[in-house]
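The values are calculated or read from the model by the stated rules, or taken from the named source; none is laboratory data. Everything quoted here is computed from the prediction, not taken from an experiment. Note: ideal-geometry Cβ built from the backbone for every residue, glycine included; neighbour counts use all protein chains shown.
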Amino acid sequence: MERLITLSLLVLAAAPLGAEPKLAETPAVAVFEAKKNLPHASVRIPALLRTAKGTLIAVAEARDKATDQAGNDLVVATSKDQGKQWSKPAVAYEQGADSCNNPCLVQDAKSGRVFLFFQTFPAGGKEFGGLPVGPKDPKGNRLKFVTSDDEGATWSKPVDVSGDLKPENAVTCASGPGIGIQVRKGAQAGRLIIPFNSQDPKRNFVNWVAFSDDAGKTWKRGAEVPQEGMQLNEVQVAEAADGSVYLNSRRWKGTALRKAAWSQDGGATWSKAVDDAALPEPTCQGSLLAATQAGKPAIFFLNPAGKGRANGTLRRSDDGGRTWAESTLLFPGPFAYSSMAQVGADVGVLYEPNSNTVVLYRAITGAGLEGR
(Lines give C-alpha, C1' and ligand atoms only; values in the text may rest on other atoms or scores of the structure.)
Protein backbone atom coordinates (compact mmCIF):
# COMPACT_ATOMS: atom_id res chain seq x y z
CA MET A 1 0.00 0.00 0.00
CA GLU A 2 1.32 3.44 -0.86
CA ARG A 3 2.36 5.73 1.97
CA LEU A 4 0.32 8.91 2.50
CA ILE A 5 2.32 12.00 3.33
CA THR A 6 0.39 15.01 4.58
CA LEU A 7 2.03 18.24 3.55
CA SER A 8 0.60 21.64 4.39
CA LEU A 9 0.77 23.98 1.43
CA LEU A 10 1.29 27.68 1.75
CA VAL A 11 -0.29 29.44 -1.21
CA LEU A 12 1.25 32.69 -2.36
CA ALA A 13 -0.28 34.00 -5.54
CA ALA A 14 0.08 36.94 -7.83
CA ALA A 15 -3.47 35.96 -8.79
CA PRO A 16 -5.24 32.75 -7.73
CA LEU A 17 -5.83 29.85 -10.11
CA GLY A 18 -9.60 29.51 -9.85
CA ALA A 19 -11.91 31.38 -7.51
CA GLU A 20 -11.12 29.42 -4.33
CA PRO A 21 -8.20 27.01 -4.71
CA LYS A 22 -8.42 24.22 -2.14
CA LEU A 23 -4.84 23.17 -1.81
CA ALA A 24 -4.15 22.58 1.87
CA GLU A 25 -6.29 19.47 2.32
CA THR A 26 -4.89 17.37 -0.50
CA PRO A 27 -2.43 14.73 0.76
CA ALA A 28 0.59 13.65 -1.22
CA VAL A 29 1.03 9.98 -2.11
CA ALA A 30 4.43 8.32 -2.35
CA VAL A 31 4.09 6.55 -5.71
CA PHE A 32 7.74 5.48 -5.87
CA GLU A 33 10.01 5.27 -2.84
CA ALA A 34 13.54 3.88 -2.73
CA LYS A 35 14.13 1.06 -0.23
CA LYS A 36 10.39 0.95 0.53
CA ASN A 37 8.20 0.01 -2.45
CA LEU A 38 11.32 -0.21 -4.63
CA PRO A 39 14.51 -2.22 -3.97
CA HIS A 40 16.62 0.51 -5.59
CA ALA A 41 18.73 3.10 -3.77
CA SER A 42 17.30 6.10 -5.62
CA VAL A 43 14.33 7.15 -7.76
CA ARG A 44 13.97 10.26 -9.93
CA ILE A 45 12.61 11.74 -13.20
CA PRO A 46 8.78 11.52 -13.13
CA ALA A 47 6.49 11.13 -16.14
CA LEU A 48 2.69 11.19 -15.78
CA LEU A 49 -0.01 10.40 -18.36
CA ARG A 50 -3.79 10.24 -18.04
CA THR A 51 -5.18 7.86 -20.66
CA ALA A 52 -8.41 8.34 -22.58
CA LYS A 53 -10.02 5.77 -20.25
CA GLY A 54 -8.96 7.72 -17.18
CA THR A 55 -6.05 5.60 -15.96
CA LEU A 56 -3.11 7.49 -14.54
CA ILE A 57 0.23 6.01 -15.61
CA ALA A 58 3.30 7.10 -13.63
CA VAL A 59 6.85 6.25 -14.71
CA ALA A 60 10.22 7.04 -13.14
CA GLU A 61 13.87 5.99 -13.21
CA ALA A 62 14.70 3.55 -10.39
CA ARG A 63 18.45 3.87 -9.87
CA ASP A 64 21.02 1.64 -8.19
CA LYS A 65 22.88 4.75 -7.01
CA ALA A 66 22.07 8.45 -6.75
CA THR A 67 23.67 9.31 -10.10
CA ASP A 68 22.12 9.86 -13.53
CA GLN A 69 23.42 6.67 -15.16
CA ALA A 70 23.38 3.97 -12.48
CA GLY A 71 21.89 0.85 -14.04
CA ASN A 72 18.50 2.59 -14.09
CA ASP A 73 15.29 0.61 -14.58
CA LEU A 74 12.07 2.23 -15.77
CA VAL A 75 9.35 1.56 -13.21
CA VAL A 76 5.62 2.08 -13.63
CA ALA A 77 2.61 2.41 -11.34
CA THR A 78 -1.03 3.02 -12.26
CA SER A 79 -4.09 4.49 -10.59
CA LYS A 80 -7.74 3.82 -11.48
CA ASP A 81 -9.25 6.24 -8.93
CA GLN A 82 -7.78 9.59 -9.95
CA GLY A 83 -4.57 9.18 -8.00
CA LYS A 84 -5.94 8.25 -4.58
CA GLN A 85 -4.46 4.75 -4.67
CA TRP A 86 -1.63 3.39 -6.80
CA SER A 87 -0.57 -0.07 -7.88
CA LYS A 88 2.63 -1.58 -6.60
CA PRO A 89 5.51 -0.42 -8.84
CA ALA A 90 6.53 -2.81 -11.60
CA VAL A 91 9.35 -2.71 -14.13
CA ALA A 92 8.23 -1.42 -17.52
CA TYR A 93 11.69 -1.98 -19.00
CA GLU A 94 15.20 -2.77 -17.80
CA GLN A 95 18.39 -3.66 -19.64
CA GLY A 96 20.59 -5.35 -17.07
CA ALA A 97 23.53 -3.17 -16.01
CA ASP A 98 22.74 -0.62 -18.74
CA SER A 99 20.90 2.57 -17.79
CA CYS A 100 17.46 3.60 -19.05
CA ASN A 101 16.90 7.37 -18.88
CA ASN A 102 14.48 10.19 -19.70
CA PRO A 103 10.99 8.62 -19.69
CA CYS A 104 8.48 10.41 -21.91
CA LEU A 105 4.87 9.21 -22.36
CA VAL A 106 2.27 9.81 -25.05
CA GLN A 107 -0.95 8.06 -26.12
CA ASP A 108 -2.48 7.63 -29.55
CA ALA A 109 -6.14 8.53 -29.03
CA LYS A 110 -7.55 6.29 -31.77
CA SER A 111 -5.79 3.04 -30.90
CA GLY A 112 -5.34 3.72 -27.19
CA ARG A 113 -1.71 2.61 -27.43
CA VAL A 114 0.65 4.24 -24.94
CA PHE A 115 4.25 4.94 -25.98
CA LEU A 116 7.07 5.19 -23.45
CA PHE A 117 10.18 6.73 -25.00
CA PHE A 118 13.57 6.55 -23.29
CA GLN A 119 17.30 6.26 -24.01
CA THR A 120 19.81 3.62 -22.96
CA PHE A 121 23.42 4.02 -21.89
CA PRO A 122 25.82 1.06 -21.88
CA ALA A 123 26.98 -0.16 -18.47
CA GLY A 124 29.51 2.36 -17.19
CA GLY A 125 28.62 4.89 -19.91
CA LYS A 126 27.86 8.47 -18.93
CA GLU A 127 26.18 11.44 -20.60
CA PHE A 128 29.52 13.24 -20.66
CA GLY A 129 31.71 10.16 -20.82
CA GLY A 130 32.97 10.01 -24.41
CA LEU A 131 30.33 7.75 -25.95
CA PRO A 132 30.36 7.06 -29.73
CA VAL A 133 28.95 9.76 -32.00
CA GLY A 134 25.94 9.15 -34.24
CA PRO A 135 23.26 6.49 -34.57
CA LYS A 136 25.18 3.46 -35.84
CA ASP A 137 27.33 2.19 -32.97
CA PRO A 138 25.33 -0.27 -30.81
CA LYS A 139 27.55 0.65 -27.84
CA GLY A 140 26.41 4.26 -27.96
CA ASN A 141 23.44 6.09 -26.49
CA ARG A 142 20.35 4.45 -28.07
CA LEU A 143 16.84 5.87 -28.61
CA LYS A 144 14.05 3.40 -27.87
CA PHE A 145 10.42 3.02 -26.93
CA VAL A 146 8.09 0.38 -25.51
CA THR A 147 4.31 0.34 -25.84
CA SER A 148 1.32 -0.71 -23.74
CA ASP A 149 -2.12 -1.66 -25.04
CA ASP A 150 -3.62 -2.38 -21.61
CA GLU A 151 -3.41 0.91 -19.72
CA GLY A 152 0.16 0.40 -18.55
CA ALA A 153 -0.29 -3.09 -17.08
CA THR A 154 2.16 -4.74 -19.50
CA TRP A 155 4.74 -3.42 -21.96
CA SER A 156 6.11 -4.58 -25.30
CA LYS A 157 9.65 -5.44 -26.25
CA PRO A 158 11.70 -2.32 -27.07
CA VAL A 159 11.84 -0.72 -30.50
CA ASP A 160 15.16 0.96 -31.36
CA VAL A 161 14.58 4.12 -33.42
CA SER A 162 18.13 5.47 -33.21
CA GLY A 163 18.62 5.08 -36.96
CA ASP A 164 15.53 7.17 -37.68
CA LEU A 165 15.95 9.86 -35.04
CA LYS A 166 19.47 10.26 -33.67
CA PRO A 167 21.41 13.01 -35.47
CA GLU A 168 24.71 12.05 -37.10
CA ASN A 169 26.60 14.51 -34.87
CA ALA A 170 24.88 13.55 -31.62
CA VAL A 171 26.67 11.85 -28.74
CA THR A 172 23.52 11.61 -26.64
CA CYS A 173 19.83 12.38 -26.98
CA ALA A 174 17.17 12.78 -24.30
CA SER A 175 13.41 12.65 -24.64
CA GLY A 176 11.47 15.10 -22.46
CA PRO A 177 11.49 13.99 -19.74
CA GLY A 178 7.76 14.07 -19.04
CA ILE A 179 5.13 13.77 -21.74
CA GLY A 180 4.62 14.17 -25.46
CA ILE A 181 1.44 15.33 -27.17
CA GLN A 182 -0.95 14.37 -29.94
CA VAL A 183 -1.92 17.32 -32.13
CA ARG A 184 -5.69 17.91 -32.16
CA LYS A 185 -6.13 20.72 -34.69
CA GLY A 186 -5.14 21.70 -38.21
CA ALA A 187 -3.32 19.91 -40.99
CA GLN A 188 -1.22 17.87 -38.53
CA ALA A 189 -4.17 16.64 -36.43
CA GLY A 190 -3.40 13.18 -35.08
CA ARG A 191 0.38 13.68 -35.15
CA LEU A 192 2.25 12.24 -32.16
CA ILE A 193 5.11 14.42 -30.90
CA ILE A 194 7.95 13.59 -28.50
CA PRO A 195 10.30 16.48 -27.59
CA PHE A 196 14.06 15.85 -27.50
CA ASN A 197 17.41 17.44 -26.86
CA SER A 198 20.73 16.21 -28.23
CA GLN A 199 24.37 17.13 -27.63
CA ASP A 200 27.33 17.10 -29.99
CA PRO A 201 30.93 16.14 -29.07
CA LYS A 202 31.61 19.71 -27.88
CA ARG A 203 28.67 19.54 -25.43
CA ASN A 204 26.50 21.90 -27.43
CA PHE A 205 22.80 21.16 -26.85
CA VAL A 206 19.86 21.67 -29.22
CA ASN A 207 16.12 20.90 -29.18
CA TRP A 208 13.99 19.13 -31.79
CA VAL A 209 10.98 16.82 -31.79
CA ALA A 210 10.28 13.35 -33.11
CA PHE A 211 6.89 12.97 -34.76
CA SER A 212 4.69 10.26 -36.23
CA ASP A 213 1.75 10.64 -38.62
CA ASP A 214 0.83 6.93 -38.68
CA ALA A 215 -0.09 6.24 -35.06
CA GLY A 216 3.48 5.50 -34.05
CA LYS A 217 4.41 2.98 -36.73
CA THR A 218 7.20 5.21 -38.06
CA TRP A 219 8.95 8.26 -36.63
CA LYS A 220 10.74 11.25 -38.16
CA ARG A 221 12.99 13.95 -36.74
CA GLY A 222 12.00 17.58 -37.17
CA ALA A 223 14.35 20.52 -37.64
CA GLU A 224 16.42 21.87 -34.76
CA VAL A 225 15.08 24.88 -32.90
CA PRO A 226 17.14 27.89 -34.10
CA GLN A 227 19.11 29.42 -31.23
CA GLU A 228 21.59 32.25 -30.87
CA GLY A 229 23.68 32.79 -27.76
CA MET A 230 21.84 30.07 -25.85
CA GLN A 231 21.52 26.31 -25.67
CA LEU A 232 18.35 24.33 -25.00
CA ASN A 233 18.20 21.22 -22.83
CA GLU A 234 15.34 19.29 -21.16
CA VAL A 235 12.13 20.19 -22.96
CA GLN A 236 8.34 19.93 -23.06
CA VAL A 237 5.73 20.94 -25.64
CA ALA A 238 2.01 21.79 -25.62
CA GLU A 239 -0.57 22.59 -28.29
CA ALA A 240 -1.92 26.14 -28.22
CA ALA A 241 -5.50 27.17 -29.00
CA ASP A 242 -4.60 28.12 -32.58
CA GLY A 243 -3.04 24.71 -33.28
CA SER A 244 0.55 25.92 -33.01
CA VAL A 245 2.97 23.94 -30.86
CA TYR A 246 4.62 25.74 -27.95
CA LEU A 247 8.05 24.58 -26.76
CA ASN A 248 9.44 25.37 -23.31
CA SER A 249 13.02 24.39 -22.50
CA ARG A 250 15.56 24.32 -19.72
CA ARG A 251 18.69 26.33 -20.47
CA TRP A 252 22.07 24.71 -20.89
CA LYS A 253 23.81 27.99 -21.62
CA GLY A 254 22.48 31.52 -21.60
CA THR A 255 20.53 33.71 -19.20
CA ALA A 256 18.72 32.22 -16.19
CA LEU A 257 15.35 32.25 -17.96
CA ARG A 258 13.25 29.55 -19.64
CA LYS A 259 13.62 29.31 -23.41
CA ALA A 260 10.58 29.31 -25.70
CA ALA A 261 9.83 28.65 -29.37
CA TRP A 262 6.74 28.00 -31.51
CA SER A 263 5.97 25.78 -34.49
CA GLN A 264 3.24 26.37 -37.07
CA ASP A 265 3.69 22.98 -38.77
CA GLY A 266 3.44 20.44 -35.98
CA GLY A 267 7.08 20.52 -34.94
CA ALA A 268 8.66 20.16 -38.37
CA THR A 269 10.18 23.66 -38.10
CA TRP A 270 10.46 26.24 -35.34
CA SER A 271 10.74 29.95 -34.68
CA LYS A 272 13.98 31.20 -33.17
CA ALA A 273 14.23 30.41 -29.46
CA VAL A 274 13.76 33.38 -27.13
CA ASP A 275 14.15 34.06 -23.42
CA ASP A 276 10.89 34.25 -21.48
CA ALA A 277 11.44 37.07 -19.01
CA ALA A 278 8.47 35.92 -16.91
CA LEU A 279 9.83 32.43 -16.26
CA PRO A 280 12.90 32.09 -14.03
CA GLU A 281 15.14 29.12 -14.76
CA PRO A 282 17.18 27.63 -11.88
CA THR A 283 18.65 24.99 -14.24
CA CYS A 284 15.96 22.35 -13.81
CA GLN A 285 13.29 20.54 -15.80
CA GLY A 286 9.77 22.01 -15.99
CA SER A 287 6.39 20.60 -17.05
CA LEU A 288 3.54 21.73 -19.32
CA LEU A 289 -0.18 20.94 -19.52
CA ALA A 290 -2.71 22.16 -22.10
CA ALA A 291 -6.27 22.29 -20.75
CA THR A 292 -9.52 24.27 -20.84
CA GLN A 293 -10.39 26.57 -17.95
CA ALA A 294 -13.57 28.68 -17.74
CA GLY A 295 -14.36 27.81 -21.35
CA LYS A 296 -11.00 29.04 -22.64
CA PRO A 297 -7.94 27.04 -23.76
CA ALA A 298 -4.94 27.52 -21.49
CA ILE A 299 -1.40 26.25 -21.05
CA PHE A 300 -0.08 25.60 -17.55
CA PHE A 301 3.62 25.60 -16.68
CA LEU A 302 5.17 24.28 -13.46
CA ASN A 303 8.79 24.59 -12.34
CA PRO A 304 10.91 25.52 -9.33
CA ALA A 305 10.89 29.31 -9.38
CA GLY A 306 13.28 29.99 -6.52
CA LYS A 307 17.01 30.65 -6.72
CA GLY A 308 17.61 26.91 -6.63
CA ARG A 309 15.38 23.86 -6.90
CA ALA A 310 12.63 25.20 -4.67
CA ASN A 311 9.21 26.87 -4.71
CA GLY A 312 7.25 24.91 -7.31
CA THR A 313 5.12 27.55 -9.04
CA LEU A 314 2.19 26.97 -11.40
CA ARG A 315 1.56 29.59 -14.10
CA ARG A 316 -1.21 29.94 -16.66
CA SER A 317 -1.02 31.34 -20.19
CA ASP A 318 -4.06 32.24 -22.26
CA ASP A 319 -2.13 33.01 -25.46
CA GLY A 320 -0.08 29.92 -26.20
CA GLY A 321 2.83 30.65 -23.87
CA ARG A 322 3.53 34.19 -25.02
CA THR A 323 2.43 35.81 -21.76
CA TRP A 324 1.48 34.46 -18.33
CA ALA A 325 -1.74 35.65 -16.72
CA GLU A 326 -1.56 33.96 -13.33
CA SER A 327 1.07 32.58 -11.00
CA THR A 328 0.55 30.47 -7.86
CA LEU A 329 3.19 29.11 -5.50
CA LEU A 330 1.95 25.58 -4.82
CA PHE A 331 5.01 23.84 -3.39
CA PRO A 332 7.03 26.07 -1.04
CA GLY A 333 10.38 24.62 -0.12
CA PRO A 334 12.36 21.97 -2.00
CA PHE A 335 10.92 21.09 -5.43
CA ALA A 336 12.57 19.73 -8.58
CA TYR A 337 11.32 17.70 -11.59
CA SER A 338 7.59 17.31 -12.29
CA SER A 339 4.99 16.04 -14.75
CA MET A 340 1.34 17.13 -14.99
CA ALA A 341 -1.93 15.61 -16.20
CA GLN A 342 -5.54 16.78 -16.18
CA VAL A 343 -7.51 14.66 -13.70
CA GLY A 344 -11.15 15.67 -13.96
CA ALA A 345 -11.28 19.33 -12.96
CA ASP A 346 -7.94 19.10 -11.14
CA VAL A 347 -4.26 19.24 -12.04
CA GLY A 348 -2.47 16.01 -11.14
CA VAL A 349 1.23 16.48 -10.38
CA LEU A 350 3.88 13.76 -10.14
CA TYR A 351 6.98 15.40 -8.70
CA GLU A 352 10.27 15.27 -6.84
CA PRO A 353 10.38 17.13 -3.51
CA ASN A 354 14.06 17.71 -4.42
CA SER A 355 14.88 14.28 -3.10
CA ASN A 356 16.47 11.36 -4.90
CA THR A 357 14.57 8.78 -2.85
CA VAL A 358 10.86 9.51 -3.40
CA VAL A 359 8.48 10.61 -6.17
CA LEU A 360 5.15 12.00 -4.95
CA TYR A 361 1.70 12.53 -6.48
CA ARG A 362 -0.65 15.33 -5.50
CA ALA A 363 -3.94 16.50 -7.00
CA ILE A 364 -4.22 20.30 -7.11
CA THR A 365 -7.89 21.09 -6.68
CA GLY A 366 -9.62 24.35 -7.47
CA ALA A 367 -8.20 24.75 -10.98
CA GLY A 368 -11.67 24.30 -12.53
CA LEU A 369 -10.45 22.44 -15.62
CA GLU A 370 -13.01 21.24 -18.14
CA GLY A 371 -13.43 18.50 -20.72
CA ARG A 372 -11.93 15.36 -19.10
Residue by residue through the range 205-221, note down the ones that are free of Cβ contacts under 8 Å to residues at least 40 places away in the same chain and in a loop (DSSP other than H, G, I, E, B). D213, D214, K217
Matching residues in the range 84-121 - criterion: being over 21 Å from M340 (Cα atoms), of a type in the set (D, E, K, R) and under 20 Å from the mean Cα position of the chain (by Cα): E94
Would you confirm whether or not the range 254-266 contains a residue that is in contact with a Leu (Cβ under 6 Å, 6 or more places away or on another chain) and closer than 27 Å to T365 by Cα? yes
Return yes when D275 is assigned to a loop (DSSP other than H, G, I, E, B), touching a residue at least 24 places away in the same chain (Cβ under 8 Å) and either on the phi < 0 side of the Ramachandran plot or in contact with a helix residue (DSSP H, G or I) (Cβ under 9 Å, 6 or more places away or on another chain) (or both) and no when it is not. no
Give all pairs with beta carbons closer than 7 Å in which a residue from the range 175-201 that is within 17 Å of L105 (Cβ to Cβ) meets a residue that is in a loop (DSSP other than H, G, I, E, B) and among the aliphatic types (A, V, I, L, M); count only pairs at least 6 apart in sequence or on separate chains. Q182/A109; V183/A189; R191/V183; I193/V183
The correct count of residues that are more than 30 Å from W219 (Cα to Cα) and in a strand (DSSP E or B) in the range 278-306 is 6
Subset tally (residues that are within 25 Å of P353 (Cα to Cα), buried (at least 17 other Cβ atoms within 10 Å of the Cβ) and of a type in the set (S, T, N, Q)) for the range 264-293: 2
Complete set of residues in the range 79-106 that are part of a strand (DSSP E or B) and either over 14 Å from P46 (Cβ atoms) or in contact with a Cys (Cβ under 7 Å, 6 or more places away or on another chain) (or both): A90, V91, Y93, S99, C100, V106
Single residue of E224, E234 found to be charged (D, E, K, R), at pLDDT 95 or above, under 24 Å from D164 (Cβ atoms) and assigned to a strand (DSSP E or B): E234
Pairs with Cβ under 6 Å, 6+ apart, first in the range 53-82 and within 12 Å of L350 (Cβ to Cβ), second among the basic types (K, R): L56/R50
Have a look at G180, G216 and point out the one that is surrounded by 15 or more Cβ atoms within 10 Å (Cβ to Cβ) and within 25 Å of R316 (Cα to Cα). G180
Within the range 219-237, the residues that are buried (at least 23 other Cβ atoms within 10 Å of the Cβ) and not acidic (D, E) are V225, L232, V235, Q236, V237
With (1) modelled with pLDDT under 90; (2) under 17 Å from A30 (Cα atoms); (3) of a type in the set (K, R) as the list, and R362 as the residue in question, which single condition is left unmet? (1)
Any chance the range 14-23 includes a residue that's over 21 Å from the mean Cα position of the chain (by Cα), at pLDDT below 95 and in a strand (DSSP E or B)? yes
Any chance the range 289-312 includes a residue that's within 16 Å of the chain's Cα centre (by Cα) and at positive phi? no
Restricting to the range 299-337, what's the tally of residues that are of a type in the set (A, V, I, L, M) and farther than 20 Å from A367 by Cα? 2
Out of all the residues in the range 39-74, which are crowded, with 23+ Cβ neighbours inside 10 Å and of a type in the set (A, V, I, L, M, F, W, C)? V43, I45, A47, L48, L49, L56, I57, A58, V59, A60, A62, L74
Just to confirm my filter: which strands (runs of 3 or more DSSP E) fall fully inside the range 325-372 and include at least 3 residues that are over 18 Å from L288 (Cβ atoms)? 326-334, 358-364
